[in-house]
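Here's the structure, in structure tokens; my notes come after.
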Amino acid sequence: MSDYQVVQSKSPVFYNRYERKSELQHQTHYCSGCGHGIAHKLVAEALSDMGLQDRTIFVSPVGCSVFAYYYFDVGNVQAAHGRTPAVATALKRARPESIVIAYQGDGDLAAIGTAEILHAANRGEKFTVFFVNNAIYGMTGGQMAPTTLVGQTSTTTPWGRRPSNEGFPLHMAELIATLEAPVYVERVALCDNKNIMRARKAVRKAIELQRDGVGFSFVEILSPCPTIWKMTPNEARQWVADKMVPVFPVSVFRDRKPPAIENGGPRQISVIELLGLGEFSPAVEEPVAPRSGRRNLTIKIAGFGGQGVLLLGQVLAEIGLREGLEVSWLPSYGPEMRSGSAHCHVCLSTEPVGSPLVEHPDVLMAMNEISLRKFAPQVVSGGVVIYNRDALPADFAVRQVRVSCVPASELADQLGAAKAANMVMLGALIELTHVLPREQALAVLETTLHDGALLEIDRRAIDAGIDFVRKAAVPAA
Amino acid sequence: MRQLCKGNVAVIKGAVLAGCRAFYGYPITPASEIAEAAAQFLPQVGSTFLQAESEVAAINMAYGAASAGLRVMTASSGPGLSLMQEGISYLAGAELPCVIVDVVRGGPGLGDIAPEQSDYFAMVKGGGHGNYRNFVVAPASVQEMADLTMLAFELADRYRNPAIVLTDGFIGQMMEPLELHPHILHAPEKPWAVRGSRETRGNLITSIQLEPDVLEAHVRKLEAKYKQAAEVEARHELYRADDAEVLLVGYGITSRVLRAAVDLARKRGVRAGLFRPITLWPFPSQALAQAALYSQMVFVVEMSTGQMVEDVKLALDGSVDVEFFGRVGGNVPLAEEICDQLMTRMAMNVDWGV
Ligand SMILES: Cc1ncc(C[n+]2csc(CCOP(=O)(O)OP(=O)(O)O)c2C)c(N)n1
């Protein structure tokens, strides 16, 4: 008869039986002496002691702890290799009241998932990371980890890790502690009872900081892997103390309040208001009857970037839309735009627009000579070319097309607004085709430009274009 | 009210109406406006926008948000979609709904940023590892960029599976009228989600099943789901196909050009019609076979070297001659070019007697 009693208790955060496990449902799949078992226990106890079981979402990684959900009676999500911090980021943002635990091995966190952990830490995501560093890949059978010690053998470093070939062990806690946002970073070791008690405190603190909404907390846990290290559990613990701790010092690397963060988000509105549906929508302009019966028009606008080519196209499409027409606007985009030239296609039609690509435009608005030479031959016979100069180049001719030379840039310059050359072209188009009414053009500009002075300039530019075409002699055939 | 809107922006307007609560993305031309519109719109209605550190992170963030039961989406273009494939496979394996937009650009590799339709195999045939399918919808207009994004959210939730909006640089970049109705969709109840609550404590999101029999049962369950979806979710559109002796087949921007090509061909005396798949998975095979019943030739046009054409051939099963024409690199087949190709092939085909 002994004078003491052994009390074995189990955190209620662990299931009583591991029913998700197919066999031996009373014991874990971890090897005896494995650090995962201790780390699990510390986490489970902390969660139950703090009454957080219902609120917890545990994200298991790929690695030996992929099946943490066999044991933890909490909400469980299993993530792709290395992506636990990304998954945890979105879980926590989706459910800010939940307690999100990201649990990762060293291959998972410090090799394939380096980007995800650094960025989640750097954003100060308000979840907790437990990083189990066993200096090896356990699940896949003992390959080198980024934390494998110099000289340590593994199946992929048969002669020991050589810095000349594999580099040096990565110090994740130190690395994370260089960032602004994390509030708590500590490294602990599961090598003896004293250190395990220290780990217990760190685990609790990290979870508390999340519970209190303080910020990103990170605990690196140096952890024995007797099976892969080919040691007894006791030898493995000793190896953590003797070999790992000197390389990965046990220490608190960060423990502070989060940096003050500005929190200027936008004003909250309803979806209906956001999309301009319902009562908030602006008044619809009435169509203005055109002076000609013609309503269908395909237009190509081309010139240098900066000449307002794409914008002019959008304005034309908007005018057409308000005239009750079907419209499309298709831009050239990308490097072509950046290297200096831009063009767009505009279709105006009483029928739904078939192809938005204009192969043979009714109208070409050429803002420069390159565009004229490139696109004028595509214009349909009987179509119109509006060219931004007072005359065609001497060596250039197009047949069966009406050419109108409108020195739009010059006219705009005279108005003191070089940028408005595209509006002069718009005026010319209005007068030449009679498809789009001037009044509608002004109405569109009025709702898109909120600057009265600019609007006045554009109005004068449009009228300059109209006047020029009216006064011009009958264009050359 | 009809508003002039860019295709990429329409995606987000549709998403907002579909009750999308989170967007995780990474910039890439020609899809960046989707992320930009999401950054602009979502935070104003209390939803999350985050620019991830990579597409790998973005798709896994989407996995996290979907696990928590939110309607979530991401968007990218070819290279980004290649990086997302592992995550998409995980989404399908874990039966998580998620909407993914691929604004296709020229490939392979860095390719260029001009439109192509060369991601058909990668999106429609899976692309990631394992036995799974993606729903794939293919908008052909700005209006459909919104409408089919909304449909993608519905399909994703109905079947607990990723749904892809497969579009291209042209549809993404162009502007057309967009009409939206003040009818906001809501995600269905998701009792399976992990919300960090007492009711959902027993829930588990995972794709790992180490027991062969258990995994087989899971894969069979997915297979049954896909079979059921294939029966009821295929969508298509016809244009002047009633009396067509030649049926043109194309999706997305190509289908728009094909409309013009159909009109042109008819002007030249050829009774052409158009079959446009709206869903690429499930592929509207039966409808296509039906539409091609009296055609003497089916002419498939893609901005690829021939990807969808394989599904067309499978659907028609040798019953009719299938010809293909494609342009790549950002070049778009034009209506005249298509028409010329069509006439040449008709002339070459001895059975025609023309
Ligand atoms: C994309 C991908 N690459 C590789 C693997 C294979 N894999 C599974 S676990 C693992 C390493 C796990 O090591 P670690 O994170 O240290 O965890 P431990 O098993 O030691 O606990 C690897 C490489 C995978 N599942 N997915």
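The values are calculated or read from the model by the stated rules, or taken from the named source; none is laboratory data. Everything numeric in this text was worked out from a predicted model, so none of it was measured. Virtual Cβ from ideal backbone geometry, glycine too; neighbours counted across all protein chains shown. Just so you know, the surface numbers come from the protein's heavy atoms only, side chains and all, with ligands and any DNA or RNA stripped out. Shrake-Rupley method; radii C 1.70, N 1.55, O 1.52, S 1.80 Å.
Could you please let me know if residue A:68 is within 16 Å of the ligand (Cβ to nearest atom) and either within 14 Å of another protein chain (Cβ to nearest Cβ) or part of a loop (DSSP other than H, G, I, E, B) (or both)? Judged against the criteria, residue A:68 is a match. Here residue A:277 meets each of (1) aliphatic (A, V, I, L, M); (2) open to solvent by less than 20 Å² (accessible area, probe 1.4 Å); (3) modelled with pLDDT of 95 or more with one exception, condition (3). Within region A:95-108, the only residue that satisfies the criterion of being open to solvent by 10 Å² or more (accessible area, probe 1.4 Å) and within 16 Å of the ligand (Cβ to nearest atom) is A:105. Here the strands (runs of 3 or more DSSP E) wholly within region B:246-293 that include at least 1 residues being open to solvent by 10 Å² or more (accessible area, probe 1.4 Å) are B:279-281. Sub-7 Å Cβ pairs linking a first residue in region A:132-148 that is free of Cβ contacts under 8 Å to residues at least 40 places away in the same chain and more than 6 Å from the ligand (Cβ to nearest atom) to a second residue that is open to solvent by 10 Å² or more (accessible area, probe 1.4 Å) and of a type in the set (S, T, N, Q), at least 6 apart or interchain, are A:143/A:154; A:143/A:155; A:143/A:156; A:144/A:154; A:144/A:156; A:148/A:154, ordered by first then second residue.
Scanning region A:43-65 for residues that are open to solvent by less than 30 Å² (accessible area, probe 1.4 Å), within 16 Å of the ligand (Cβ to nearest atom) and not in a strand (DSSP E or B) gives A:43, A:61, A:63, A:65. Considering every residue within region A:156-167, establish whether at least one is within 9 Å of chain B (Cβ to nearest Cβ) and either more than 11 Å from the ligand (Cβ to nearest atom) or within 29 Å of the chain's Cα centre (by Cα) (or both). Looking through region A:156-167, none of the residues is within 9 Å of chain B (Cβ to nearest Cβ) and either more than 11 Å from the ligand (Cβ to nearest atom) or within 29 Å of the chain's Cα centre (by Cα) (or both).
Of all residues in region A:96-121, those that are within 16 Å of residue A:217 (Cβ to Cβ) and more than 11 Å from chain B (Cβ to nearest Cβ) have Cβ atoms under 6 Å from Cβ atoms of residues that are hydroxyl-bearing (Ser, Thr, Tyr) and within 16 Å of the ligand (Cβ to nearest atom), 6 or more apart or on another chain, in A:103/A:65; A:104/A:84. Quick check on residue B:292: is it in contact with a Ser or Thr (Cβ under 8 Å, 6 or more places away or on another chain) and not assigned by TED's automatic domain parsing to the domain that holds residue B:113? Against the criterion (in contact with a Ser or Thr (Cβ under 8 Å, 6 or more places away or on another chain) and not assigned by TED's automatic domain parsing to the domain that holds residue B:113), residue B:292 qualifies. Those strands (runs of 3 or more DSSP E) of region A:308-373 in which at least 1 residues are within 10 Å of chain B (Cβ to nearest Cβ), on the phi < 0 side of the Ramachandran plot and open to solvent by 20 Å² or more (accessible area, probe 1.4 Å), considering only elements entirely within it, cover A:326-331. Being touching a Lys or Arg at 6+ places or on another chain (Cβ under 9 Å), in the same structural domain as residue B:112 (by TED's automatic domain parsing) and of a type in the set (A, V, I, L, M, F, W, C) is the requirement here; does residue B:151 meet it? In short, yes. Within the option set A:236, A:177, A:199, being within 26 Å of residue A:57 (Cα to Cα), touching a Phe, Trp or Tyr at 6+ places or on another chain (Cβ under 8 Å) and either open to solvent by 70 Å² or more (accessible area, probe 1.4 Å) or in contact (Cβ under 8 Å) with a residue 60 or more places away in the chain (or both) holds for one residue only, A:177. With respect to being crowded, with 16+ Cβ neighbours inside 10 Å and either assigned to a loop (DSSP other than H, G, I, E, B) or acidic (Asp, Glu) (or both), residue A:147 fits the description. Name the single residue that is farthest from the ligand (Cβ to nearest atom) among those in region A:109-131 being of a type in the set (Val, Ile, Thr) and open to solvent by 10 Å² or more (accessible area, probe 1.4 Å). By that ranking, first place goes to A:114. The residues of region A:71-94 that are more than 16 Å from the ligand (Cβ to nearest atom), over 14 Å from residue A:129 (Cα atoms) and outside any strand (DSSP E or B), listed by number, are A:73, A:74, A:90, A:93, A:94.
Within region B:186-224, the set of residues being open to solvent by less than 30 Å² (accessible area, probe 1.4 Å) and either modelled with pLDDT under 95 or away from every other protein chain (no Cβ under 11 Å) (or both) comprises B:190, B:222. In region B:21-62, the qualifying residues are those that are open to solvent by less than 10 Å² (accessible area, probe 1.4 Å) and touching a Phe, Trp or Tyr at 6+ places or on another chain (Cβ under 6 Å), and the one that is farthest from the other protein chains (Cβ to nearest Cβ) is B:38.
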